[in-house]
Amino acid sequence: MADHASLKYKRVLLKISGEALMGDQGYGIDIPSVTRYAEEIKAGIALGCQICLVIGGGNIWRGKWGVDGGMERAQADHMGMLATVMNALVMQNSLESIGVPTRVQSGISMMSICEPFIRRRAIRHMEKNRVVIFAAGTGNPFFTTDTGAALRAAEMNCDAMLKGTQVDGVYTSDPKVDADATRFDTLDYMEVLSKELKVMDATAISLLKENKIPIEIFRIRDKGGLENVLTGRGVSTVISGKKK
């Protein structure tokens, strides 16, 4: 086990896409995949890192699907928020089944199943080494879960926002379809915006830039991937104010 001094970040927000919870399925929740991510988070906590989470809802529902079908945007987005609550609850169950104390806080009040979002309470939970999962985005329609994650990272005074994806960083194009795609080791916030790189939406990038919170993109499916990022050994792309 690494000591706390070896940690690159002491407090992070980990953003996981809803699609990552599908595993190799085409829809829904693959419990073995959730369990694998829970084990990664447990390893990060064991290093002494304080971790909070935001999980997308794209494995169950995307607001865009409803809008494309003729739904009113706010209503479709509220359905997407509920999908993130379902994902938060299944992750909480997996974490607690392996001995990691966890709290779910929702941007939409639903007191019978989780806590409301209370900033000071969330910080206190993390100080006690509890994982806090923020569900239901910002609590408002018209905002993505990436923007919700950026907001919570700023509110929690996180050292970084880590985004677990299906690839090991940011590429010039989709490496799954373009054999000539090259990976960036580092990027500036403004480069991401000006090059329109598909990392996360512009609102999220701007919020993280304003609060000087670096973003690290890494492959969530790699065993030990989160631990490697937390100790500065992993393969990733770091987005910050200055390129190294």
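Read the figures in this text as sums done on the coordinates, not as results from a lab. Everything quoted here is computed from the prediction, not taken from an experiment. Don't worry about glycine lacking a Cβ; one is built from the backbone with ideal geometry, like all the others, and counts go over all protein chains shown.
PRE reach from ARG119 (point 7 Å along Cα→Cβ): which of the stretch 28-71 fall under 20 Å by backbone N?
Correct set: 50-54.
In Å and whole numbers, how far do the C-alpha atoms of the chain stretch along each principal axis, longest first?
46, 43, 36
Sorted from fewest to most neighbouring beta carbons within 10 Å, what does the list ASP77, ASP180, ASP146 look like?
ASP180, ASP77, ASP146
Using a Gaussian network model on the chain with a 10 Å cutoff between Cα atoms, which of SER112, SER33, SER97 fluctuates the most?
Of SER112, SER33, SER97, the most mobile in the Gaussian network model is SER112.
Please compute the length gained on full extension between ARG233 and THR182, using 0.36 nm multiplied by the number of residues separating them and subtracting their Cα-Cα distance.
That works out to 16.4 nm of additional length.
Counting alpha carbon pairs within less than 8 Å and at least 6 residues apart, what relative contact order, in whole percent, applies to the stretch 72-185?
Values: 132 pairs, mean separation 25.0, N = 114.
Contact order relative to length: 22 percent.
In whole Å, what is the distance between the alpha-carbon centres of the stretch 57-120 and the stretch 188-231?
22 Å
Got a sec? How would THR231, THR165 order by Cβ neighbour count within 10 Å, fewest to most? Walk me through the numbers on the way to the answer.
Details: THR231 17, THR165 20.
With the sparsest Cβ surroundings first, the list reads THR231, THR165.
Given +1 on the Cβ of Lys and Arg, -1 on the Cβ of Asp and Glu, and no further charges, what dipole in debye does the stretch 127-244 carry about its Cα centre, rounded to the nearest 20?
Charge dipole, the stretch 127-244, about its Cα centre: 300 debye, nearest 20.
Where q = 0.22 Å⁻¹, what log10 of I(q)/I(0) comes from the Debye formula for the stretch 54-103, counting one point per Cα?
Debye output, listed in q order: -0.71.
Could you tell me which trypsin sites (Lys or Arg not before Pro) in the stretch 154-189 are loop residues by DSSP with no more than 15 other beta carbons within 10 angstrom of their beta carbon?
Sparse-neighbourhood loop trypsin sites (Lys or Arg not before Pro): LYS176.
Taking the chain as a Gaussian network, where each spring joins two C-alpha atoms under 10 Å apart, which residue of VAL67, VAL199, VAL34 fluctuates the most?
Maximum among the listed residues: VAL67.
With each run of n ≥ 4 DSSP H residues scored as -39500 (n - 2.57), what mean residue ellipticity at 222 nm is computed for the chain after dividing by its residue count and rounding to the nearest 500 deg cm²/dmol?
Value at 222 nm, helices only, nearest 500: -11000 deg cm²/dmol.
Using unit Cβ charges (K, R positive; D, E negative) and no other charged atoms, how large, in debye to the nearest 20, is the dipole of the chain about its Cα centre? Please list the in-between numbers first.
Values: 31 positive and 28 negative charges, 163 e Å.
Rounded to the nearest 20 debye, it is 780 debye.
How far is it, in nm, from the label point at SER206 to the one at ASP30 when both lie 7 Å from their Cα along the line to the Cβ?
The answer from the label model is 3.6 nm.
What's the extension gain from MET111 to ASP68 if we count 0.36 nm per residue and subtract their Cα-Cα distance?
Full extension of this stretch gives 12.3 nm more.
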